[in-house]
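Heads up, the thing below is written out as structure tokens.
The values are calculated or read from the model by the stated rules, or taken from the named source; none is laboratory data. Bear in mind that the values here come from a model prediction, so they are computed numbers and not experimental data. A quick note on method: Cβ atoms are made from the backbone with ideal geometry, for glycine too, and the neighbour counts reach across all protein chains shown.
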Amino acid sequence: MAKNNDTFLNAVKDVRPLKVKSQEVLLSPKKPKPIPKKLIEDERNVLNDSLSDHYLHAELESDENTFYLKKGHSPEIINKLRRGYWTIQQSLDLHGFTSDEAKIKLVGFLNLCQKKGIRCVRVIHGKGFGSVNKEPILKKRVRGWLIQKQEIIAYVEAPRHDGGSGAIIVLIEDN
């Protein structure tokens, strides 16, 4: 056994440690975690498909649908939204998008806002001047989609300086 040990020591007697500038060279970089792109896409599609474009709600049947308040919340929330009690933290402009594109953008925007703890947002849907027959298609659809979203507490038509009838101010539940 001693002879094997001596043989090894003789074999490595002229070996010198490598000069390494940084310990990072010795460590292999960590691989990033894989991003489940297909799962994320599938979940987004399920969310989008779960929002009906033809959702009927008493609030949406008239053209005077200037506000929505989720059941069980104080009517004072509507007054506070109209008076600007909450600062608008983010905006989403849906001008130029098709209905399907707008739905995807809106769902993604609301999910991101909720993750970031953003409570008050403005959604600009436009007045429909660029639509066929000059009808505000997105106006009713956006409002219908919002009513279907669990995290939406309320919305009001935006004041004139924030878009008037072409936009709404939305209050999102706090996480």
So, of the residues in segment 68-99 that are without any contact (Cβ under 8 Å) to a residue 40 or more places away in the chain and under 19 Å from the mean Cα position of the chain (by Cα), which turns out to be surrounded by the most Cβ atoms within 10 Å (Cβ to Cβ)? L92
Exception for K103 within (1) more than 17 Å from F67 (Cβ to Cβ); (2) assigned to a strand (DSSP E or B); (3) of a type in the set (K, R) falls at (2)
Whether any residue in segment 123-133 is in contact with a Ser or Thr (Cβ under 9 Å, 6 or more places away or on another chain) and touching a residue at least 40 places away in the same chain (Cβ under 8 Å) is what I want to check. yes
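Considering only segment 124-175, how many residues are on the phi > 0 side of the Ramachandran plot and in contact with a His (Cβ under 6 Å, 6 or more places away or on another chain)?
1
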Name the single residue, out of those in segment 106-131 being part of a helix (DSSP H, G or I) and of a type in the set (K, R), that is surrounded by the fewest Cβ atoms within 10 Å (Cβ to Cβ). K115
Here are the criteria: (1) assigned to a helix (DSSP H, G or I); (2) modelled with pLDDT under 85. Tell me which single one H54 does not satisfy. (1)
In segment 85-113, the residues that are farther than 21 Å from Q150 by Cβ and of a type in the set (D, E, K, R): D93, D100, E101
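Quick one: would you say Y85 is touching an Asp or Glu at 6+ places or on another chain (Cβ under 7 Å), among the aromatic types (F, W, Y) and modelled with pLDDT of 90 or more?
On the way: touching an Asp or Glu at 6+ places or on another chain (Cβ under 7 Å): no; among the aromatic types (F, W, Y): yes; modelled with pLDDT of 90 or more: yes.
The answer is no for Y85.
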Among what's in segment 132-159 and is of a type in the set (K, R) and either closer than 21 Å to I77 by Cβ or surrounded by 16 or more Cβ atoms within 10 Å (Cβ to Cβ) (or both), pick the residue that is nearest to the chain's Cα centre (by Cα). K149
